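A short write-up of the structure that comes next.
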Amino acid sequence: MKSLKELTRPNIWALKPYSSARDEYSGKEASIFLDANENPYNTPNNRYPDPLQRELKALIAPAKGVRTEQLFLGNGSDEAIDLIYRCFTCPGQDNVVAIEPTYGMYQVCADINDVEYRPVELDEQFQLSADRLLAACDNHTKVLWICSPNNPTGNNMDRQEILRLLQEFPGLVVVDEAYSDFSTQPPFRLELDEHPNLIVLNTFSKAWGCAAIRLGMAFAAPEIIGILNKVKYPYNVNRLTQEAAIEQMQKDYEVKRWVDSLLEERARVLQEFAALPVCRHIFPTDANFFLVRVTDAHRIYHYLVDAGIIVRNRSHVTLCKDCLRITVGTRPENDALLDALRNYSQQ
Ligand code: PMP
């Protein structure tokens, strides 16, 4: 791995971050706060939230098997994706390499940051090749984007190939594990200590059922987390979000129940979907959604919209011709989808 200084945008390496009133004060004894130009009325919304979300991190870190200094919290994992560009790539100079197809924000954030995005197609089984990804890299490649289980394909990326990338790529390897709670594979965040160039992304938006509160996580070596923290907005995770997440962490048994029932539903829906005349091929999935090649994705998509059922049409995405991406819902929701598609076939 190159040194972190070599990988970091030089102005960011040199950056002296904004120091907020709440950064400078930490401690529980004080009761009179005249340091942040807040309004003393309208408790508790009158006070700025903890910029480093210490109480929440103290709950998340042990639950995720990491240390608090290996944890960054942001406004969705989308914030972490954008920050990785802003911290570790130079606009108009550096590039990143990513699997294709994958989650669209890696490219959107590259474009926003004027960083060249180099997609490398997966094979027909939607599997990645470390050799092909490494062949697309040059001296200006700072980041490799891997998503596992991958969106929109649903499958896990080959573990051995990811390990090779972690060993052989001299820049940062991001493994986005947004859907790993639905997968049987061990998550990479448990191997942070072995891989100084690894950044793992997680989110409260999927298994944790909290997409509305906007809370994402990045796990990495403390030095990498320190750089992300330097660049983030001082109060990037608001108090309402921190409170809602703390509440959800205290009910983590719910998450386990949701995941178990979604996995059960997933197995049932896949089986029933395979028997539908519209179904050509269901791709293997380790996530809470599946990608399916159908007879005519465009027509079926619009037919479902007319029936009030929204799925994701991925037909225009590389390797996904005539494919729909379908999220596993509740049993009645899934039944409504299956019923609608049975009727479609009879038309
Ligand atoms: N990564 C992947 C792979 C995703 O599919 C998504 C959301 N669709 C995200 C990250 C973004 O998650 P968040 O809601 O935490 O911004």
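The values are calculated or read from the model by the stated rules, or taken from the named source; none is laboratory data. These figures come from a predicted structure and were not determined experimentally. Every residue, glycine as well, gets a Cβ built from its backbone with ideal geometry; the counts of neighbours run over all protein chains shown. SASA here: full protein model, heavy atoms, side chains in, ligands and nucleic acids out. Shrake-Rupley method; radii C 1.70, N 1.55, O 1.52, S 1.80 Å.
Among residues of the stretch 139-151 that are open to solvent by 10 Å² or more (accessible area, probe 1.4 Å) and more than 10 Å from the ligand (Cβ to nearest atom), those with a Cβ under 9 angstrom from a residue that is among the acidic types (Asp, Glu) and in a strand (DSSP E or B), sequence gap 6+ or separate chain, pair up as HIS140/GLU116.
Tell me whether the stretch 45-56 contains one or more residues that are more than 16 Å from the ligand (Cβ to nearest atom), aliphatic (A, V, I, L, M) and open to solvent by 70 Å² or more (accessible area, probe 1.4 Å). No - not one qualifying residue is present in the stretch 45-56.
Selection of the stretch 280-311 for residues being more than 25 Å from LYS206 (Cα to Cα), buried (at least 17 other Cβ atoms within 10 Å of the Cβ) and in contact (Cβ under 8 Å) with a residue 40 or more places away in the chain yields ILE300, TYR303.
Selection within the stretch 53-67: residues that are part of a loop (DSSP other than H, G, I, E, B) and at negative phi. The member of this set that is nearest to the chain's Cα centre (by Cα) is VAL66.
Yes/no matrix, rows are residues, columns are (1) more than 16 Å from the ligand (Cβ to nearest atom); (2) within 23 Å of GLU223 (Cα to Cα); (3) not in a helix (DSSP H, G or I):
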site	(1), (2), (3)
ALA80	no, yes, no
CYS90	yes, yes, yes
GLN93	yes, no, yes
VAL108	no, no, no
GLN125	yes, no, yes
ASP131	yes, no, no
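The residues of the stretch 184-213 that are surrounded by 20 or more Cβ atoms within 10 Å (Cβ to Cβ), closer than 17 Å to ASN238 by Cβ and within 9 Å of the ligand (Cβ to nearest atom), listed by number, are THR203, PHE204. With the condition kept exactly as written, say whether any residue in the stretch 24-36 is closer than 16 Å to ILE225 by Cα and free of Cβ contacts under 8 Å to residues at least 12 places away in the same chain. No - not one qualifying residue is present in the stretch 24-36.
Taking the listed residues ALA136, ALA130, the one that is farther than 30 Å from VAL311 by Cα and open to solvent by less than 10 Å² (accessible area, probe 1.4 Å) is ALA130, with no other qualifying. Figure legend. Inter-residue proximity from the stretch 68-95: first residues over 24 Å from GLN242 (Cα atoms) and of a type outside the set (Val, Ile, Thr), second residues within 16 Å of the ligand (Cβ to nearest atom) and in a helix (DSSP H, G or I), beta-carbon distance below 6 Å, spacing 6+ or different chains. Indicated pairs: TYR85/CYS109.
Output the residue which, of all residues in the stretch 315-335 that are in a loop (DSSP other than H, G, I, E, B) and within 18 Å of ARG266 (Cβ to Cβ), is most open to solvent (accessible area, probe 1.4 Å). Among residues in the stretch 315-335 that are in a loop (DSSP other than H, G, I, E, B) and within 18 Å of ARG266 (Cβ to Cβ), the one most open to solvent (accessible area, probe 1.4 Å) is THR330.
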